[in-house]
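Notes for the one structure printed next.
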Amino acid sequence: MASFFFSSTSSSSIIDQFNQKSETIQKPDKESLKYGLRILTNIVELELEAPQLYRTVGYKLMELKEWNLALDIFQKIYSLRSDEPQSLHDLAIVLIELQQYEKALQYFKQILTQTWNDRFRIIPIIVLSDLNRLLVQMNRTTPEIDYRLLRHLPVDIRIIVEWDTADTIIQLSIQEPTGQICNNYSGSSKTDIGGYIINTPYQSEQPIEYLLRKAINGIYSISLTYINNAQHTLIGATTVLVTIYKYFGSMNEEKQIRTVRLTSHNQTVDVGHIEFGDSNLEKMKEELEKTKDAYRRLQDQLLTSRNQSSIQHLNVTCDGCLKVPIVGNRLKCLFCPNVDFCQNCHSSMNHKHDSTHPFICISDSTLYTSSIHLQNISELVHLNIQCISCAASPIVGIRYHCIVCKLDLCEKCEFLGSHNLTHQRLKMIYP
């Protein structure tokens, strides 16, 4: 299991006093929580139209898992900063925690499809992972979104760092078990074991994202360094929100949210660490691989459903809903001359057709244009010919003539093997 150790902060601001108080309480009681929330409420009641103040409060509420209160705060931030995709992203993350998935999905789609200022170019990249994770949570196999955005890739470690002040440079450093350090400001943003940070060096773009798809055993230490802040703000410091995921996007996902206050330039804070390699590691690995396989299958379903939705079976009518043409998979009855259903009608049994009849699933009729089995064979009428098995007369469709017995079979009886299988037959398509 992951273990997180977080260092305390030091400053004289109201927020920092609350941080110090909460750090000393492993499991806050109701009175302590009430005290902290009152402090946060007092900040909001200053009624300053300052997004940084609201974002500082919102981040702390997220850490405390006070999602309903956080929702009100981030809605206020969005009303003040609707030109920033970060406001939408924060709002969507809170909505996911409140299980308001549809609203969160719409905000993610807005971030990915709307045109934003170049200084926000990192955010859509971050949102892609959150979007695909949300679709898996929703079990949504046919989302109304560009299929090129659909690629769910679970990772062992994901760390997101964002902060509440503009024109601020924060360095995220991850020391991996190999001793190699991955950071976004100086040194290497990629490591030998596959860890990498998505960000542009020497610029104040945020959020910062660290990803490691396959973690090796050992300890991953997380630290933040306050490089620079070009703005003078009301608070005079920067609040950093650190979201740490272990097994991101899988059924075993673990998540930890922490806020850190940075007050002076070149200040370094040890945020915590993630540990891999306990006694249940092999079992966890096995479960993780099964989970990854399940999500890969779901991803394949997402892509397959997208491909199917663009295929039309021209001039073919669904005998269930009467829709023409059939879009997606076409199900054709093997016993009846001209019976077809779309995928929805066949799956939901939205028809009165004989349930014992076998169907052939056709994904794309254009691939088999010459096959008689895909045609309307109701016009193939073999007059004055009777099926020796079911006594149908005339035989409609393909006729099978037994060379030994000089008798005829319809396609249904031939399929069922009603006649001696050792006898040779002639397959007669046209009368």
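The table below lists the values:
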| quantity | calculated |
| --- | --- |
| Order of exposure, largest accessible area first, which applies to Arg296, Arg158 with probe 1.4 Å | Arg296, Arg158 |
| Compactness of region 146-190 as Cα Rg over 2.2 N^0.38 Å, two decimals | 1.55 |
| Heavy-atom accessible surface of region 266-422: percent carbon and sulfur, 1.4 Å | 50 |
| Greater than 29 Å apart at Cα, pairs in Lys190/Lys246; Lys214/Lys255; Lys103/Lys283; Lys109/Lys246; Lys60/Lys246 | Lys103/Lys283 |
| Residues listed by number, region 334-368, amide nitrogen under 14 Å from Tyr147 label point at 7 Å toward C-beta | 363-364 |
| Sequence of Thr366, Thr239, Thr422 from largest to smallest accessible area, 1.4 Å probe | Thr422, Thr366, Thr239 |
| Surface accessible to a 1.4 Å probe, per residue, for the residues of region 140-200, Å² | 43 |
| Probe 1.4 Å, accessible area per residue of region 323-425, Å² | 56 |
| Cα-based equivalent ellipsoid of region 128-167: semi-axis lengths in Å, sorted from largest, via gyration tensor | 25, 14, 9 |
| Reciprocal mean inverse distance between Cα atoms of region 152-228 - Kirkwood radius, Å | 12.7 |
| Stretchable slack from Arg213 to Gln106, in nm (0.36 nm times residue separation minus alpha-carbon distance) | 35.8 nm |
| Region 300-403: trypsin sites (Lys or Arg not before Pro) in DSSP loop, at most 16 other beta carbons within 10 Å | Lys323, Lys352 |
| Karplus-derived 3J(HN,Hα), 6.51/-1.76/1.60, for each residue of region 68-81, Hz, glycine and proline x | 5, 5, 4, 4, 4, 5, 6, 5, 5, 4, 5, 5, 8, 10 |
| Additional length obtainable on full extension of the chain from Asp300 to Thr115, 0.36 nm per residue less Cα span | 63.7 nm |
| When region 67-180 is reduced to its Cα atoms, the Kirkwood hydrodynamic radius in Å | 15.6 |
| Near-label residues of region 391-409 by backbone N, under 15 Å of a point 7 Å along Cα→Cβ of Thr356 | 391 |
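The values are calculated or read from the model by the stated rules, or taken from the named source; none is laboratory data. Everything numeric in this text was worked out from a predicted model, so none of it was measured. Quick reminder, even Gly has a Cβ in these numbers, built from the backbone with ideal geometry, and neighbours come from all protein chains shown. Remember, those area values only see protein heavy atoms, side chains included, never the ligands or the DNA or RNA. Shrake-Rupley method; radii C 1.70, N 1.55, O 1.52, S 1.80 Å.
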